[in-house]
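A short reminder: the numbers here are calculations on the coordinates, not readings from a lab. Fair warning: this is a prediction, and the values are worked out from it, not measured in the lab. A quick note on method: Cβ atoms are made from the backbone with ideal geometry, for glycine too, and the neighbour counts reach across all protein chains shown.
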Amino acid sequence: MKRLAIFALVFLSALRFPQSGFAESPPESFLHPRPAAAFPFAFWKADAAGATPTPSASPSASPNTFVATYSSDGDTNGILTFAGKNFDAGGSWTNPHTAGYVVAVRSSDETGTATHIVNHAVENTHTSNVANSWIAIDLGSPRSAVLDKYSIRIRSGADPRAIRNWKLQGTNSTASNSISHLAAATWTDIDVRVADTTMANTGSTWVTYTITGTPGGYRWIRILQNGLNGGAVPDNYFTVSEIELYGTLSY
Ligand SMILES: [Ca+2]
């Protein structure tokens, strides 16, 4: 009778764990079954909602001050170049957005991506043909910049659609770096240009603009194109390929 009971127990155990056998532990997934689609779906959902990264911390403790003095269009004196050295004048430069030192965001990416505006290269890059397109830079916490000049380089190629109507703006508050949150933030004008024809409609042109007065210090800087560009047939494509900022950075 006892032998029969042992046989029955062994037989039933083998039926319950047919893959692992009763000499081994059952697989972890058998003990803690999880819905197969749950994790990947949640992951996909977070991505679809829009990743909103924030810049990394400075390598040295704040507060520090960096004064970026303009010398020529496309020089390496600017705040964004300094950011590309991880806020260390002796550091080597890399794309500050790719490295996570700042975050660049564009209202839309029809050709190229926002990372093009800080990559120290000129290319064909632009938003969709939509009114009030913009580019924004998050300098990260606890940084803020009081700007005195800024440089803009238009995209490469024929008929680049030089910038004509825009506002340079700053803010210190946004719910996140998502496109919708940045669009909904309250921005303060730093420099406003209307029908400004300074920039030739020639591919890869740099122009540096001087800010009148002393603006506040802002962590987020944005350029909003709030009027038609200077293309052969003016439209709303925002085709800035590079920007640089000058003034005093607290970091
Ligand atoms: Ca570029």
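Set the Förster distance to 30 Å, then compute FRET efficiency between residue 98 and residue 195 from the Cβ-Cβ distance, nearest 0.05.
On the way: r = 35 Å, r/R0 = 1.18.
Taking R0 as 30 Å, the efficiency between residue 98 and residue 195 is 0.25.
Gap in Å between the Cα centre of segment 181-212 and the Cα centre of segment 151-166?
Measuring centre to centre over Cα atoms gives 10 Å.
Test of understanding: what is the full-extension gain from residue 132 to residue 73, defined as 0.36 nm times their sequence separation minus their Cα-Cα distance? Before the final figure, lay out the partial values.
Working: separation 59, 0.36 × 59 = 21.24 nm, distance 2.58 nm.
Extra length available between residue 132 and residue 73 comes to 18.7 nm.
Just the number, please: Stokes-Einstein D of segment 124-221 in µm²/s, Kirkwood Rh from C-alpha pairs, 10 °C, 1.306 mPa s. Could the numbers behind the result be given before it?
Details: Rh = 14.7 Å.
My calculation gives 108 µm²/s for D.
Simple spin-label model, 7 Å along Cα-to-Cβ: residue 159 to residue 57 in nm?
5.1 nm
D for segment 193-251, whole µm²/s, Stokes-Einstein with Kirkwood Rh over alpha-carbon pairs at 25 °C and 0.890 mPa s: what number?
177 µm²/s
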